[in-house]
Structure formats: structure tokens, C-alpha cells
Amino acid sequence: MARFIYTAKSKPKEEIKGFIEAESEQDAVNKISRKGYFPLSIKSAEDFYNRNNFLSFKRISQKEIVLFTRQLSGLISAGVNIINSLNIIYKQTSNRYFKLKLNDIISRVKDGKPFSESLSSQKTLFSDLYCSMVRTGEASGNLKDILNRLSGFLEKDDDFRNTILAALTYPFFVLGVGILTVLVLMIVVVPGLTTMFKDMGQVLPLPTRILISLSDFLRGYFLFLVGLIIAAVFLLKKIYRSPQGRLALDKFKLKISILGQIILKTEISRLTRSLSLLISGGISITSALEISAASLGNKVLVAETEKFKEQIKNGASFSYALENSKIFPEFVRQIIIIGEETGSLDKSLVLIAEEYEKEVDRSLKTFARLLEPIIILVIGLVVGFIVLSMLLPIFEINFLVQ
């Protein structure tokens, strides 16, 4: 069945908009008419979204999903039914792109689809973990508590991402400004002085000749170098999209000295926090591992999680499955053993996530503190070499005049 968006009159002076599933436009007209509405326009939902792609520049942030989840939990707790709750949130939402998505979800729920299934139609917004938790809440009749846990989980995840970005933003900003400064000097400033040096008709010092050669090379092959960098980026993306290439690059990432440990701990914290949320919601450990694996960004850890899942299916405990892992630290296994023995695995998993989030925060701050002076030193040496190379001929002229 195709999906259509329609505008219809429900009363002489009242228009409504919505979505409907039908075999064809004519079938959609018939269904709308049977509801007692007079159809004014009907468009394919897919075509409608394609024509409105200009809205996609305003992305739906994680904060908006957190706010949506928190508001929905509060409204359901207050006794408002799911459709009315969604309509209230729809009216309060300022993001037009999000309103389109919410409108589609509301339409599906009105058509009798479960809320979790309606959310699943928007894969880019609501992850498998999110939809699985909502499905569990619907089945247990405890949707408000599940949504409350979900909003807490999403807030923690968003805070953790912001911590990583905050730690790395300034050093990379300094690097960008430094590279831009060097390029301006080499492409704009040096060529102007080169003309003056050539008019002097004297033999230039070796550093100055090297600088002029580099400047000429950059100016002559600048577009070629830019094209080469773009081609390299596209090639890396293509390799990264292939399963073998992605696995090889992810393995390489984990082997990088300091960054490898930061990446590993970040992924483990994300995995354990997701597992804790799912297990506390009543989802089995094997299903929780399968859902949580989808949230991981490193394919090496995804493959390792798949191994754990298969071993647990065959009767092993989670801690036993971790015993032969060469990637997961012993600390993780020991905490999980305690959780299994005390019957509080979800709490133990949260403990691991919080501990590794603290370690990642500390490591990133240390890494940023080390990276910043190194970048400044390297950029300073390069700029110093450029300035000195430009000044040497002037010094020689002054020396000859004296």
C-alpha cells in the first residue's frame, strides 16, 4: 500500500490534514469520503517529502528527541491518551521538519497502528533501542515509566557526546586557524615579496629559495591538491562503507595509542548503558545485546557483541562470554560477575558506563591539553620559518649597504 497526505474539509469552514494508506489516489479519495470528509487535495507522501527536502537543513537534534520523550512521559502520566498527547506536542513543536514526522506518526496511530510500530517508520529519529523500549512499555502497560527512563538515557548520552565535542573543539579550531594562516602567507604574502627579491638580482639564501619553491608549488598545484584531498576523502568513505574496509579501519582506530583507548571506553560505556536500559525494561540479555550492537560505531566491538550473544544463547553466562574476550577489559567482567551474583546486572552495567564516561572525560581533557601546545608549537615553527625566510634577504641587503 502507498501512503498519501491529504487536505480535506470536515466542516464548511474547517480544513484538516493527515496521512492515509491506500492502493491508489482514487482508493484514498474513497476512504477519506467514507470518513465523512470532503477531499480537497491528495499527494503521494513520498513525493511530498522529496519536494520538501529543503526542510531537512533544519535537523532534528538529540535535545528535541529528549524533550519530546520527556513531554510525552509527563502527559501520559497525567492521564492524557497517546493521540491527544502527540497532538499537544505537535502544536508546541517549532521545528517544521519534526512537525512533518510527528504528523505521520499521529496519522499511523489514528489508523490503529501501535505507537512503537509508528515510531519505527521514522528510523532516522527513533533507534531500534528506542522502539524496543516503547514496545516493552506498551506490552507491560508501563509506558510512562519506560519513556521516563528513555529520556534520562538520551540526556546522559547527549551530555556525553557534548563532553567529547567540547574537549576536542578548541584544539581543532586552533589547528584550522593555523593552517589557514600558513596558506595565506604562502599563497598571498610570499609571492608579493618574491617579485621584490627577484628585482634585486642577488643570490637568495637557501631557506628563502626553499620557501619560494614551496609557494610556487602551492600556487601552481593548489586546485590539484584540493582535488586530491577530496578524492582521498571519497576513497576513504568508499572503503569505510565496505564491510572489510570498515572492519580494518575500526581495528586500526583501536590500535592508536591514546585515541584507541578513548574510542574503546566510549563504545563500552555506550554499550553498557544501552544494555542496562533494555534489561531494566524486561528485555532478555540476548535481545538487548542485539539491539545495543546497532548503537555501536566500531565494527570490531559489534562483532565481539555478536559472539557474546551466540555464547549466551548456547547456555553461557554473560561474564563467561566476556572471559575470552581480548577487547573488553577485566574490570568489565568483574563488575558483571558481581551483577549476576547479586541479581542486579542492570545496576552493574550502569556502574561500568559511569566509570568509563569519567575516564573518557579525564582522558580527553588530558589529550586536549597535550594536543593544544603541540599544535601551537608546530604552527609557530612553520610560521617562524616563513617569516625568517622572508627577512633573511632584507638582512643581507642591510648588511651590504653598511
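The values are calculated or read from the model by the stated rules, or taken from the named source; none is laboratory data. These numbers were taken from a predicted model, which means no experiment stands behind them. Ideal geometry is used to build each Cβ from the backbone, glycine not excepted, and the neighbour counts take in all protein chains shown.
Listed by first and then second residue, the pairs with beta-carbon distance under 6 Å, at least 6 apart or on different chains, first residue in segment 366-379 and within 15 Å of Ile179 (Cβ to Cβ), second of a type in the set (A, V, I, L, M) and assigned to a helix (DSSP H, G or I), are Ile375/Val174; Ile375/Leu175. Screening segment 175-255 for helices (runs of 4 or more DSSP H) wholly inside it with 1 or more residues that are under 30 Å from Leu370 (Cβ atoms) returns the ranges 206-241, 243-255. So, Ile337, is that one within 30 Å of Glu138 (Cβ to Cβ), part of a helix (DSSP H, G or I) and out of contact with any Phe, Trp or Tyr (no Cβ under 6 Å at 6 or more places or on another chain) or not? Here the answer is no, as Ile337 does not meet what is asked. Under the condition of being over 18 Å from Gly137 (Cβ atoms) and touching a residue at least 12 places away in the same chain (Cβ under 8 Å), the residues counted in segment 66-92 number 4. Among the residues that make up segment 94-102, is at least one of them within 17 Å of Cys131 (Cβ to Cβ) and out of contact with any helix residue (DSSP H, G or I) (no Cβ under 7 Å at 6 or more places or on another chain)? Yes, segment 94-102 has at least one match. Looking across segment 206-265, the residues that are among the small types (Gly, Ala, Ser), more than 23 Å from the chain's Cα centre (by Cα) and at pLDDT 90 or above come down to Gly227, Ala231. Of the residues making up segment 120-136, those that are of a type in the set (Ser, Thr, Tyr) and either in contact with a Ser or Thr (Cβ under 7 Å, 6 or more places away or on another chain) or buried (at least 21 other Cβ atoms within 10 Å of the Cβ) (or both) number 3. Tell me whether segment 112-119 contains one or more residues that are touching a Ser or Thr at 6+ places or on another chain (Cβ under 6 Å), modelled with pLDDT of 85 or more and of a type outside the set (Asp, Glu). No - not one qualifying residue is present in segment 112-119.
The set of residues from segment 261-285 being within 20 Å of Glu310 (Cβ to Cβ) and in contact (Cβ under 8 Å) with a residue 12 or more places away in the chain comprises Glu267, Ile268, Leu271, Thr272, Ser274, Leu275, Leu278, Ile279, Ile283, Ile285. When segment 341-368 is filtered for residues that are crowded, with 16+ Cβ neighbours inside 10 Å and over 20 Å from Phe153 (Cα atoms), the ones remaining, listed by number, are Ser363, Leu364, Phe367, Ala368. What number of residues in segment 15-30 are in a strand (DSSP E or B) and modelled with pLDDT of 75 or more? Residues that pass the stated criteria total 2.
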